[in-house]
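Okay, structure first, notes after.
The values are calculated or read from the model by the stated rules, or taken from the named source; none is laboratory data. These numbers come from a predicted model, not from an experiment. With ideal geometry, Cβ positions are generated from the backbone for all residues, glycine too; neighbour counts draw on all protein chains shown. Just so you know, the surface numbers come from the protein's heavy atoms only, side chains and all, with ligands and any DNA or RNA stripped out. Shrake-Rupley method; radii C 1.70, N 1.55, O 1.52, S 1.80 Å.
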Amino acid sequence: MKTTLIFRLFLLAVSLFTFLPHTATADITKWSLPDGAVARLGKGTIDDVTYSPDGKLLAVASEIGIWLYDAHNGQELNLIVGHTDEVYSVSFSPDGKTIASGSTDNTVRLWDVQTGIEKLKLTGHWDRVYSVHFSPDGQTIASGSWDGTVRLWDVQTGLKKLKLIGHTDRVYSVHFSPDGQTIASGSWDGTVRLWDVQTGLKKLKLIGHTDRVYSVHFSPDGQTIASGSWDGTVRLWDVQTGLERQKLTEHTDGVINVSFSPDGQTIASGSEDNTIRLWDVQTGIEKQKLIGHTGGVYSVSFSPDGQTIASGSWDGTVLLWRVMPTGDVTFQRKGDVNGDGIVNIQDLVLVAAKLGQTGTSSADVNGDGQVNIQDLVLVAGALGTSAAAPSLHPQAIKMLTVTEVKQWVSAAQQLDLTDIMSQRGILFLQQLLIVLTPKETVLLANYPNPFNPETWIPYHLAKDADVTLHIYAVNGTLVRTLTLGHQLAGMYQNRSRAAYWDGKNEFGEKVASGLYFYRLTAGDFSATRKMLIRK
């Protein structure tokens, strides 16, 4: 069935979600491309489509390579080639800088998003690699293969960490849980299996499908798994017990791909019946049926803001479907504590600053008369709805510390917060903690540089340490020692947290213009950089 096809990117405007099934009948129009350009040409079937974490890019796995498109205007940005056969699956790293791909050539490859250059080639599978997925911390890649195994790879070295054996036939899909501790896999053998990431041991075997399982996907709160099967059903499973919660049966042919919306309220499923269906997670009711593809739908992917679905098909097209968020609008509005029209890290900081206060306050999000950890978690939940990931909030690095976020997570986990919004908030805070915790200790360039008369020296600590900064003249003479004391792991880079030097020596005298060196010692780490005073 592989033929050369015109690769079209379309924008399909569809009406708002309703709770009664209906068919989307809005006109299909070509994406508006800059400078009057026409839609690009492509070849072959579309096996996978996924958004970058910031929602700006679309990566499309196809017969001839990996296409990168601007997700907003449809402009073709790059075609990444290197695999020697069809690319089945693509996955962005959490920071959006790397793409992993799996192929019929039996390899997993890592690519630099900016340059398209291959970074690593991972070999070990002896049959085609049908699915790849990055772990939430970006350190591990899972791959599922027709050789019947799931393998875990170290992103930095490309070395195999674990080989998970248990399926009795081809593995079609792998997906990490949001906390990175569990992997789900779906197989031709008709089962879904859950694996412990640390040990590689099987946790659960989910039985219910009557044919091959093509797709598995964790809910954002990690409590539910959706699976799509050739038996024409979508099934929802309880992660803790392995029991089936819902069985969704409106498709008239095999279900190839399933995906949760970012708010966890909706599931999209793509099928060989050429349709995409949207389901309410709580009730299992079909919300909407999207019609436009002329071949089986092999991939469905929500944009990070939940307002768009990208679908890829055997017909050689990618379609974009404009949808509106269906839930939590009230919470998002309440989460806008400072009333600037958006929910962002500033709102989280404002609630944190008012913890313990009583009386009427916009920071009292749940309206119980006091500002407490529940309010903070609800704002975090609204953040999790309105944005793809904590890494997309660069102001968090300036406004928050590892210590305070760790305290928030600990306090929230001690409460019995079982509602979806709170669960999403706790998950967001956990992910935020990962973002704020550096992977390695580094000494950064001082600013300003050259400077007169003062400068700030930023650094990152991967773990708690006693920190000291020594400043030397170019001849090696010690000019000043700054004892910063015991510092907790985190990023010390804005002016309120970075090391500060006023340009004076130990005697309070201003030093002369010229070149100086500064050396940071933190535990067993030390590093030296240079700076220039210019008067």
I need the full set of residues from the stretch 455-483 which are in contact (Cβ under 8 Å) with a residue 40 or more places away in the chain, in contact with a Leu (Cβ under 7 Å, 6 or more places away or on another chain) and not in a loop (DSSP other than H, G, I, E, B), in order please. ILE457, TYR459, VAL467, THR468, LEU469, HIS470, TYR472
Test VAL90 against the stated conditions and say whether it is open to solvent by less than 30 Å² (accessible area, probe 1.4 Å), part of a strand (DSSP E or B), in contact with a Gly (Cβ under 7 Å, 6 or more places away or on another chain) and β-branched (Val, Ile, Thr). no
Of all the residues that make up the stretch 283-319, how many are among the polar types (S, T, N, Q) and not in a strand (DSSP E or B)? 5
Check whether at least one residue in the stretch 496-519 is closer than 30 Å to LEU378 by Cβ, touching a residue at least 40 places away in the same chain (Cβ under 8 Å) and of a type outside the set (Val, Ile, Thr), and report yes or no. yes
Taking the options ASP105, ASP85, ASP48, ASP147, name whichever one is of a type in the set (Asp, Glu) and either within 19 Å of the chain's Cα centre (by Cα) or open to solvent by less than 10 Å² (accessible area, probe 1.4 Å) (or both). ASP48
Looking at (1) closer than 23 Å to THR45 by Cα; (2) not in a strand (DSSP E or B); (3) not acidic (Asp, Glu), can you tell me which one THR115 breaks? (1)
Just the residues that are under 23 Å from the mean Cα position of the chain (by Cα), open to solvent by 40 Å² or more (accessible area, probe 1.4 Å) and either of a type outside the set (D, E, K, R) or more than 20 Å from PRO53 (Cα to Cα) (or both), please, taken from the stretch 119-129. LEU120, LYS121
Candidate set from the stretch 247-271 (those that are crowded, with 24+ Cβ neighbours inside 10 Å and of a type in the set (A, V, I, L, M, F, W, C)); member that is nearest to SER219 (Cα to Cα): ILE267
The stretch 431-443, subset in a loop (DSSP other than H, G, I, E, B) and open to solvent by 50 Å² or more (accessible area, probe 1.4 Å), residue nearest to GLY503 (Cα to Cα): GLU440
Selection within the stretch 496-535 - open to solvent by less than 30 Å² (accessible area, probe 1.4 Å), farther than 15 Å from ASN449 by Cα and assigned to a strand (DSSP E or B): LEU520, ALA522, ALA527
Of all the residues that make up the stretch 214-231, how many are in a strand (DSSP E or B) and in contact with an Asp or Glu (Cβ under 8 Å, 6 or more places away or on another chain)? 2
Is it the case that some residue within the stretch 269-282 is within 23 Å of the chain's Cα centre (by Cα) and more than 28 Å from GLN423 (Cα to Cα)? no
Given (1) over 25 Å from the mean Cα position of the chain (by Cα); (2) under 18 Å from ASP105 (Cβ atoms), index of the condition ILE165 fails: (2)
Could you grab me the full set of residues in the stretch 415-430 that are open to solvent by less than 40 Å² (accessible area, probe 1.4 Å) and either in contact with a Pro (Cβ under 7 Å, 6 or more places away or on another chain) or in a helix (DSSP H, G or I) (or both)? MET421, SER422, ARG424, GLY425, ILE426, LEU427, PHE428, LEU429
Can you pull out the residues in the stretch 184-230 that are acidic (Asp, Glu) and either more than 24 Å from the chain's Cα centre (by Cα) or open to solvent by less than 20 Å² (accessible area, probe 1.4 Å) (or both)? ASP189, ASP211
